[in-house]
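The values are calculated or read from the model by the stated rules, or taken from the named source; none is laboratory data. These numbers come from a predicted model, not from an experiment. Don't worry about glycine lacking a Cβ; one is built from the backbone with ideal geometry, like all the others, and counts go over all protein chains shown. SASA here: full protein model, heavy atoms, side chains in, ligands and nucleic acids out. Shrake-Rupley method; radii C 1.70, N 1.55, O 1.52, S 1.80 Å.
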Amino acid sequence: MKRTAVLLPVILAGLLLGALGPARAASLPHGAGMPTAPAASAWITLGRADAPSLLQTPPSCSLRPCALVVVSHPRGQTAERLRDSPQMTVLTGALLRAGFAVLLSSDGGPTTWGSPAALAELGAVHHAATRLFPWNGQTFALGLSMGGLMALRTALPGSPYPVRAVALIDAWVDLEQAYGTALSRRQEIQAAYALGGPPGPRLNPLAAAAVAPRQALFAVASPDDQTVPQATNAARLLAVFGRPDSVLVQLGGAHLGANRFTPELGARLAAFFEAQGRTPLPPTDLGRR
């Protein structure tokens, strides 16, 4: 009886690790505790009071360190608006259920267009966020519309933190093209970058991506999109920056339509990040990561 009493906790712990699956069990740090009833967290506010970012971690982070997905918002929106959006909650819910922590980034404001100042602010928020939960050292980026510029910027050399893979939904990645499409965008980009004229290729993340180590991309785009041209943004980025394991999900319909925010797409997005988290980094990327 004494031997059975000693072995029972070990057997139960082994069964729990088996339920998590081989990859998840392997990521549990040596000697980590096994909480019996982890609770879902609320959104935690980070960063500036006038442009806050929001962090939520899944219950599974209490069992093993988890990766972080940083979400960059569309033009004119905020982290709070993403949090309160039923459509966006479909995607963030899929990521949380898959075991990812989610940071809804303010990107320094509603119309910062991936500027260096906004990137520096995001770096500080990322630093603070990754100290609030058991982080496994991996970060993924998800950019929507204007947020594609920031998501791409974080994956390029000079980013304040390394990114394992990038996902884009109807995303701008060509800053120069965005600048030339409307007077309102032109004024916003000049203000965000403190410029008196066009940004030029030096500030364009698409130009930088063309000469940077290639990255794993998950791009959702539509040929019907009249706001962000697919051919010169998602398709162009995949051609110059995407690795062979990149994914293009081509959907119909208008910019940021409802078919971008489905449980099926959320599951595909989470599966892509999970797969990239298990994939060894290519030799060309090891030096800067």
In the stretch 39-74, the residues that are assigned to a loop (DSSP other than H, G, I, E, B) and open to solvent by less than 50 Å² (accessible area, probe 1.4 Å): S41, T57, P58, L63, R64, P65, H73, P74
If you take the residues in the stretch 263-276 that are among the small types (G, A, S) and surrounded by fewer than 19 Cβ atoms within 10 Å (Cβ to Cβ), which one is nearest to P223 (Cα to Cα)? A267
Check whether at least one residue in the stretch 119-128 is free of Cβ contacts under 8 Å to residues at least 60 places away in the same chain and either of a type in the set (G, A, S) or closer than 30 Å to D224 by Cβ (or both), and report yes or no. yes
Set Q77, Q87: member being closer than 30 Å to D225 by Cα, open to solvent by 60 Å² or more (accessible area, probe 1.4 Å) and either of a type outside the set (F, W, Y) or at pLDDT below 95 (or both): Q87
Residue match in the stretch 202-216 (condition: in contact with a Gly (Cβ under 7 Å, 6 or more places away or on another chain) and among the basic types (K, R)): yes
Do we find a residue being open to solvent by 10 Å² or more (accessible area, probe 1.4 Å) and in a strand (DSSP E or B) anywhere in the stretch 119-135? yes
Considering only helices (runs of 4 or more DSSP H) wholly within the stretch 171-289, the ones with at least 1 residues that are under 22 Å from the mean Cα position of the chain (by Cα) and acidic (D, E) are 263-278, 283-286
Sort out which residues of the stretch 229-262 are surrounded by fewer than 18 Cβ atoms within 10 Å (Cβ to Cβ) and hydroxyl-bearing (S, T, Y), and write them in order of number. T232, T262
Taking the conditions exactly as written (without any contact (Cβ under 8 Å) to a residue 12 or more places away in the chain and closer than 19 Å to H73 by Cα), does S159 satisfy them or not? no
Output for the stretch 149-170, where each listed residue is farther than 15 Å from A216 by Cβ and in a loop (DSSP other than H, G, I, E, B): P157, G158, S159, P160, Y161, D170
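Residue-by-condition table, conditions (1) farther than 30 Å from P280 by Cα; (2) open to solvent by less than 10 Å² (accessible area, probe 1.4 Å):
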| position | (1), (2) |
| --- | --- |
| L152 | no, yes |
| G158 | no, no |
| P162 | no, no |
| A167 | no, yes |
| G180 | yes, no |
| L183 | yes, no |
| R186 | yes, no |
